[in-house]
Amino acid sequence: MPTLPQVLKDAEEKMKKSVAAVTRQFGEVRGGRASPALAEHLTVAYYGTPTPLKQLAAITAPEPRMLVVQPWDASLVQEIEKAILQSNLGITPQVDGKMLRLPIPALTVERRNELIKLVHKMAEEDRVAIRTVRRDANEAIKQLKAAKQATEDDVFDFQATIQKLTDQHIGQIDSLLKAKEHELLSA
């Protein structure tokens, strides 16, 4: 059976992972600006094996509305182009010799609103995940109390600490959401 510090440490790690997950998800949502995170998650058939694009090419954003993908193996240009076209990015790559240029089109008002709804949904899913971690941690401390390994005061202090952690991590998600909303509206 875990101890109080172990339960607290596990809860904090899980909450941090939720914040990291929403940060990664927000990076994959196309705003008006070019970001290498937009294409990093795409998988390309590399000699029959699905491989993340970031392992096969350098992805840079030399301009605010342009991504450049430079594969380390020039024979992959066609496969990368195919992967980008099959993705849901809504970007048509331009092959330029041994590299691809990905022009990022401006967002319409309708598309901006769809993306804002999407990021709100992502943020809410991660808030729920954090609350689930809080609930699980509170259940663990109640089990410790039932097993006479924690006092009533320990339970009270622990629950207060877990609530502070929960509020802190949900606040981080809210600030990330606000920043992403601002990015989507101002792009």
Quiz item: Would you pick out the residues in segment 142-178 that are at pLDDT 90 or above and either of a type in the set (Ser, Thr, Tyr) or in contact with a Phe, Trp or Tyr (Cβ under 9 Å, 6 or more places away or on another chain) (or both)?
Solution: Thr161, Thr166, Ser175, Leu176, Leu177
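Here are Lys121, Lys180, Lys117: which of them is surrounded by 13 or more Cβ atoms within 10 Å (Cβ to Cβ) and among the basic types (Lys, Arg)?
Working: Lys121 fails: surrounded by 13 or more Cβ atoms within 10 Å (Cβ to Cβ); Lys117 fails: surrounded by 13 or more Cβ atoms within 10 Å (Cβ to Cβ).
Result of the check over Lys121, Lys180, Lys117: Lys180.
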Quiz item: Pick from Leu53, Leu38, Leu67, Leu89: which is surrounded by 14 or more Cβ atoms within 10 Å (Cβ to Cβ), in contact with a His (Cβ under 8 Å, 6 or more places away or on another chain), at pLDDT below 90 and not assigned by TED's automatic domain parsing to the domain that holds Asp126?
Solution: Leu53
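Of everything in segment 89-108, what is under 18 Å from Val29 (Cα atoms) and in a loop (DSSP other than H, G, I, E, B)? Give them in sequence order. Quick ask: steps written out before the conclusion?
At the first step, the residues of segment 89-108 found to be under 18 Å from Val29 (Cα atoms) are 89-93, 102-108.
Of everything in segment 89-108, those that are under 18 Å from Val29 (Cα atoms) and in a loop (DSSP other than H, G, I, E, B) turn out to be Leu89, Gly90, Ile91, Thr92, Pro93, Ile104, Pro105, Ala106, Leu107, Thr108.
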Quiz item: What tally of residues in segment 76-112 results from selecting those that are without any contact (Cβ under 8 Å) to a residue 24 or more places away in the chain, charged (D, E, K, R) and more than 18 Å from Pro52 (Cβ to Cβ)?
Solution: 3
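The values are calculated or read from the model by the stated rules, or taken from the named source; none is laboratory data. Please read all numbers here as calculations on a predicted model, not as lab measurements. A quick note on method: Cβ atoms are made from the backbone with ideal geometry, for glycine too, and the neighbour counts reach across all protein chains shown.
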